[in-house]
């Protein structure tokens, strides 16, 4: 199991490296150079940048130095916000993003899987149709549409929940963002679970288990659940990525001070340093999450472990 | 089984008396017949066609232009009387014209980006599947990791650095949406390659090129069509998402995502600015979703509950 | 004990209907059956006859779109009226079932021990320790070595035969009064099949379990059953004692089935006596010498690269108009041999000569010319045809390649002639493979192979996927074609009776090497190598009297992995020293034309 995880990690590193390299050179290739943006930079920043990227050196040297700093956890300076480095800004936003994103991730998994199993157990009856509507809503209502609609209904019309803001982390403030962020994934995961369970329940070993007189609960719980979850687990990695991108919209609409909003602001203000740093940070986060998912996958299927 | 054998019985009965060639029906034709029987998919197809026709031809029949303001009607709510069926925005521009034009742009982006993704995905997947071995493993591991990375961030990065450019947007979205296609084509190629009819073709003296074009490509057609259909709504969402955030289509051009972003800002005062573009987007996504599902069920008719 | 005679299971007027999108399909139409304690009832029929569906229906295991009606009495309980919970109390404890494919039949991610323990705890409410002891006990009874270790293993870590034993042990854990076995040995090799059948027979005797055996194999029925039902299209067309059905069949369908099964007739004497002098001078079509094929195995970290030797040092001649049967169990390399001869796989060394021309050194063009002379027919008729092509196009394809200049009308005429020759109506020419039956598709495969008028045809398990009646037709067709075109055939099969019916000479393979090569009659009547003797003795013969009197030869050990170097010396343990694990047993000509690999005396190898 440990070697399996290590092997996965080893194959991930080259891809991460390629992505980072691509980002670095894209930035260098920016028309007119990265530092000649629409607005002139203050001299202090310009010097800072020159020092950080060693602009007087050759491209290869700059690249190697950048990689070196990256390994030490230095993502470089922000071009706009002079008081903080990229890492410092990320650390300010991280708790908000992690709270909302993590809750949404857990909600997606738990609600998605339970809804999928319930949908299977009550298939083609009322609970299943209800699930169908939720799934459809999640699939055709993108989060940027879902958010204003929820704000309108629950915030303005019913006045149950605040329309936005962090509110010191009060639970009522994060309900809407979390639900908006999670709903599309609840939909996808439950759909995946339901379809996968139908397939698994048709397999021969389930027939064997039934012929042995095991109860329905024990068949689903012990024999069907793990194989049902394999496709769900392989969706979790990408889902984490989608949640991150979703948080860009959700944090903006609900006015949460997370990384996503910093990122959007930085991108709109063409703060290259911040944008590049955030993208790389996100990639590392996602890669780590995927590693966890891979290990989970191996736990689910003994055949993967032995290869 | 039984229905298959009853068909065979018909075949054998016709054998007894004379033998004019019977028309055969390929699996593709079977699948299309199943699709036609699928009411949901057919209604969706009609809806999609209607949306396409409206988006292409509609603007010519409307007395208003998507960018020129009507100085007599600012912020006017939808009404049949004054000719602004969907109302106007803060600048007095006709929302119907803007929505149709936005639909047109969204569809265009979807079409081109999907084409880009199909070309890349099919080439990559078919190559990995056909070559196999270590090259295949490396290529698919790359896809796995790429799949996990938040690809929209790259598009935003590109848009930030190279400026907002519609054609760059087409290419960038397409270049990031090919992953699923590559996976599916690769899996299909692998399984076709292992089937005995490929070996039979080799035994019949066919060269690699002939095998690929005569035996592999025709059998890839079904899955490619299905997943291309499923890619379109994804691209529509990605485009709207980017436009919504301000990294996609920019003024004076417009798209459904841009319109929705504008509508969201004035939701409390001019709600129709959100509802009409949103309804168009939802209808578009809904019909594409049903067509995609219908196609998948038609090509792979297993019980799904 | 007044109702000793009362049957354990009594089925009256059982109907099974499926609601499908194409309307209602009647799979079982009113069958009656009963089986008593200690009795073995055989249900035999071809695919699609409804034999499995009827018993799955009795256990309530059918899919949701099935409607079951009739009366099923199981030791006084009406099974069809029971609730799921009540049924669950019987299933697995008093009433058990085992299935065909033991790999997909066991839950892949749960260890053997947990799967077995769960059953004991569900039905007998034993403590963990008692449950484990009972499981171990049963693994021992089904003769699984190292039982304690097996409990911790997962299904994919066991061999096919082991898995089926586990499946049987699981079914027997609560000592059911009725055991239903659905094609329990179909997926297994013949020697393992014999072991499993013996095991089931012993269990029936020792525990008085009533046994229902569902199978397509008349030989298995002859060996095991007291009474037999013959099923066709959802109905029993014949029923009676085993002897009645085999010797005094009334229904035409039964007679046809019995006739279609190839029977090995043993005379006890190797015919084609050596002393009658040399046979007529014959033309050698194919000459294979020292052929080897090995695949590199994937390296694990930095271990020494290992090779899988799939085919090792094989040589033989094949004459014009002759059929060579190649027989061996799964994984013995017989299919690899076929592909290496046809250069579909590159041999690692050795020589293959067709009509005097060396093939292993041919360039592209030369290879193309040679392919016209040597063709292949595959096992799976549907998979061997391109689903996107009409069968007419599939059959013609070799002509387009080999004779590109041919005028269209000539090609069509040859297509029509060939279709007629293999028994396909011209009306089918525009049909697609999925619209035809398995037998018809196999005819298409044969037509495609024959249209370029090859001199050599290799049939790789060409009839294994077909029902017996279709199997017989295809074998007749192959024979006719051989006679008509003077074709040389290599017929590869795991099924000795099929091999017996078609072959002039037979080559027996074990783990990539030849263990015996002789004329058909010599091989069957005077098998020399212990492995051949075991194989021949393991084939079930579709004749109850003969079958039950036969003596079976059981050798030590199961078929081992080709990766295991020691496995090659399974029949030569005296050579199994540290120095000689690479030793390859030599092939010697023990009688004229009868080659046998070195082995230790049979007595030393018996169990």
For this session: Let me have the relative contact order for the range A:122-202, percent, based on Cα pairs under 8 Å that are six or more residues apart.
Result: 36
Problem set entry | Selected from A:67, A:75, A:146 as most flexible by GNM, with chain A as the system and alpha-carbon contacts under 10 Å | A:67
For this session: Please work out how much length the chain gains when fully extended from residue A:3 to residue A:74, using 0.36 nm per residue of separation minus the C-alpha to C-alpha distance, in nm with one decimal.
Result: 22.6 nm
For this session: Express in nm, to one decimal, how much length is gained between residue C:453 and residue C:485 on full extension, taking 0.36 nm for each residue of separation and deducting their alpha carbon distance.
Result: 10.7 nm
For this session: Do me a favour and compute the ellipsoid semi-axes for the protein assembly as shown from its Cα gyration tensor, root of five times each eigenvalue, largest one first, whole Å.
Result: 62, 36, 33
Seminar exercise, completed: Taking a ≥ b ≥ c as the square roots of the Cα gyration tensor eigenvalues, with a/c under 1.5 meaning rounded and otherwise prolate when a/b beats b/c or oblate if not, the range C:1-134 comes out oblate
Problem set entry | Euclidean distance of C-alpha centroids, the range B:177-242 and the range C:385-413, integer Å | 25
For this session: Can you figure out the FRET efficiency of residue A:28 with residue C:6, using R₀ = 60 Å and their beta-carbon distance, to the nearest 0.05?
Result: 0.10
Exercise. To one decimal place, what Kirkwood hydrodynamic radius in Å is obtained for the range C:287-413 from all pairs of distinct Cα atoms?
Worked result: 17.3
Exercise. To the nearest 0.05, what FRET efficiency results for residue A:296 and residue C:86 with a Förster distance of 41 Å applied to their C-beta separation?
Worked result: 0.60
For this session: Taking each pair of different alpha-carbon atoms in the range C:123-173 once, compute 1/r for the pair, average those values, and report the inverse of that mean as the Kirkwood hydrodynamic radius in Å to one decimal.
Result: 11.2
Problem set entry | 0 to 90° range, to nearest 10: angle between helix C:112-124 axis and chain C longest Cα axis | 20
Exercise. Any idea what the relative contact order of the range B:100-303 is, in percent, if you count C-alpha pairs under 8 Å spaced at least 6 apart?
Worked result: 28
Exercise. So for the protein assembly as shown: antiparallel DSSP bridges make up what percent, rounded to the nearest 5?
Worked result: 60
Exercise. Which one of B:147, B:124, B:227 has the biggest mean-square fluctuation once chain B is modelled by GNM with Cα springs under 10 Å?
Worked result: B:147
Problem set entry | Helix-only [θ]222 nm of the protein assembly as shown, DSSP H runs n ≥ 4, -39500 (n - 2.57) each, per residue, nearest 500 | -17000 deg cm²/dmol
For this session: Describe numerically, in nm with one decimal, the distance between label points set 7 Å from Cα along Cα→Cβ at residue A:92 and at residue C:344.
Result: 6.8
Exercise. Once both labels are modelled 7 Å past Cα along the beta-carbon direction, what's the residue B:46-residue B:137 spacing in nm?
Worked result: 5.3
Exercise. Could you give the angle, 0 to 90 degrees to the nearest 10, between helix B:39-61's Cα long axis and the longest principal axis of the Cα atoms of chain B?
Worked result: 40
Exercise. What is the calculated FRET efficiency for residue C:130 to residue C:408, with r their C-beta to C-beta distance and R₀ = 60 Å, to the nearest 0.05?
Worked result: 0.20
Problem set entry | Spatial separation of Cα centroids for the range C:198-253 and the range C:98-151, in angstrom | 29
For this session: Give me C:284, B:114 ranked fewest to most by other Cβ atoms within 10 Å of their Cβ, as a rough exposure proxy.
Result: C:284, B:114
Exercise. With springs only between Cα atoms under 10 Å, which of A:214, A:181, A:139 fluctuates most in a Gaussian network model of chain A?
Worked result: A:214
For this session: Arrange the following residues from fewest to most other Cβ atoms within 10 Å of their Cβ: C:125, C:156.
Result: C:125, C:156
Seminar exercise, completed: Per residue of A:131-144, other chain Cβ atoms within 10 Å number on average 4
For this session: With no solvent and one equal point scatterer per Cα, compute the Debye intensity ratio I(q)/I(0) for the range A:234-307 at 0.11, 0.13, 0.14, 0.20 Å⁻¹ and report its log10, rounded to two decimals.
Result: -0.38, -0.49, -0.54, -0.84
Exercise. Of the peptides C:392-398, C:70-76, C:229-235, how do they stack up when ordered by the mean number of other Cβ atoms within 10 Å, highest first?
Worked result: C:392-398, C:229-235, C:70-76
Seminar exercise, completed: Among the Cα-Cα pairs of the range A:86-306, the proportion with separation greater than 33 Å, in percent, is 26
Seminar exercise, completed: Taking Cα atoms only, helix C:468-485 is inclined relative to the longest principal axis of chain C by an angle, in degrees rounded to 10, of 10
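Coordinate-derived values only; no laboratory data. On a predicted model such as this, the values are computed, not experimentally measured, just so you know. Using ideal geometry, Cβ is built from the backbone for each residue, glycine included, and neighbour counts are taken over all protein chains shown.
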